[in-house]
1. Ignoring ligands, DNA and RNA, what accessible area per residue does the chain give at 1.4 Å, in Å²?
2. Taking the Cα centre of region 30-98 as the origin, how large is its charge dipole in debye, to the nearest 20, when only Lys and Arg (+1) and Asp and Glu (-1) carry charge on their Cβ atoms?
3. Report, in listed order, any pair from 28/67; 67/127; 63/175; 67/175 with a Cα-Cα distance greater than 20 Å.
4. Using all C-alpha to C-alpha distances in the chain, build P(r) with 5 Å bins and read off the rounded percent in each one.
5. Reported to two decimal places, what Rg/Rh ratio describes region 1-48 when computed on Cα atoms with Rh from the Kirkwood expression?
6. Over the Cα atoms of region 80-181, how large are the radius of gyration and the largest Cα-Cα distance (Dmax), in Å?
7. With all protein chains present, how much of the accessible area of the chain (probe radius 1.4 Å) comes from carbon and sulfur, to the nearest whole percent?
8. Expressed as a whole number of Å, what is the distance separating the alpha-carbon centroids of region 147-180 and region 14-68?
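The values are calculated or read from the model by the stated rules, or taken from the named source; none is laboratory data. From a predicted model like this one, the values you see are computed outputs, not experimental measurements. All Cβ positions, glycine included, derive from the backbone under ideal geometry; neighbour counts span all protein chains shown. Quick note on the areas: whole protein, heavy atoms, side chains included, nothing else; ligands and nucleic acids left out. Shrake-Rupley method; radii C 1.70, N 1.55, O 1.52, S 1.80 Å.
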Amino acid sequence: VYAGSALRTSIWQWNNRLEFRDGNNTDKWTARTSIYHPLSDAIATGGSLDYFHSENKDKYSKKLDAKFDLAIRPRKDPYALLLQTRWVQEADGGQGTPARSRRLINNAHVNWLITARDQLAAQYGIKRVLDQYNSNDYAATTDFIAAEWRHHLNDRWDLGAHARRLHGYQVNQTKQGYGVSVGWIPKTN
């Protein structure tokens with residue numbers, strides 16, 4: 001069984017859904033709400049909240065996922081920026097102490113059209129994780145940085161170069177990669 005609603009005006013979009021599944025072994029609840037609001041021609045914001053609950057006679061599972069986005073896309077300027085924040089909380093239990101996890105994730109994406117033929121894209125993300133297993137607490141921080149440059153040779157072909165790095169702070173480990181690429185557009189759009 002599910003129900004949903006949607007509200008749309010010239011400046012707001014709001015969607016909701018609530019669902020229940022009555023299973024032979026497991027029952028499930030799912031709820032979702034999301035909202036979008038342009039603040040101007042160049043700035044928009046939005047977010048969503050998802051909740052999931054599954055339960056049977058031996059165990060349960062819960063998840064809450066909250067997201068917030070801010071997009072800056074000036075039509076006259078050659079750049080675009082997307083900022084995303086996400087909170088995820090999970091719990092799995094049954095016999096004994098439940099396992100829990102909480103994550104805070106922040107991402108920033110930027111695109112810059114340097115010239116009509118050259119484009120630079122970059123991303124930075126950081127994640128903080130707090131986990132609990134068997135009454136023990138664990139914490140970790142990881143970040144990711146990447147960049148890509150693309151040069152359009154003509155309407156169909158482009159060349160690119162990219163680099164990325166992943167860093168785990170608690171274990172002081174890094175992993176990096178880089179490369180070049182050739183792109184071909186077989187058909188417009």
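1. On a per-residue basis, the chain sits at 71 Å².
2. In debye, rounded to 20, region 30-98 gives about 140.
3. The pairs that break the limit, which is 20 Å between Cα atoms, are 28/67; 63/175; 67/175.
4. 1, 6, 10, 11, 13, 13, 13, 12, 9, 6, 3, 1, 0
5. When Rh is taken as the Kirkwood radius, the ratio is 1.21.
6. According to the Cα coordinates of region 80-181, Rg and Dmax are 19.1, 63 Å.
7. 56 percent
8. Measuring centre to centre over Cα atoms gives 33 Å.
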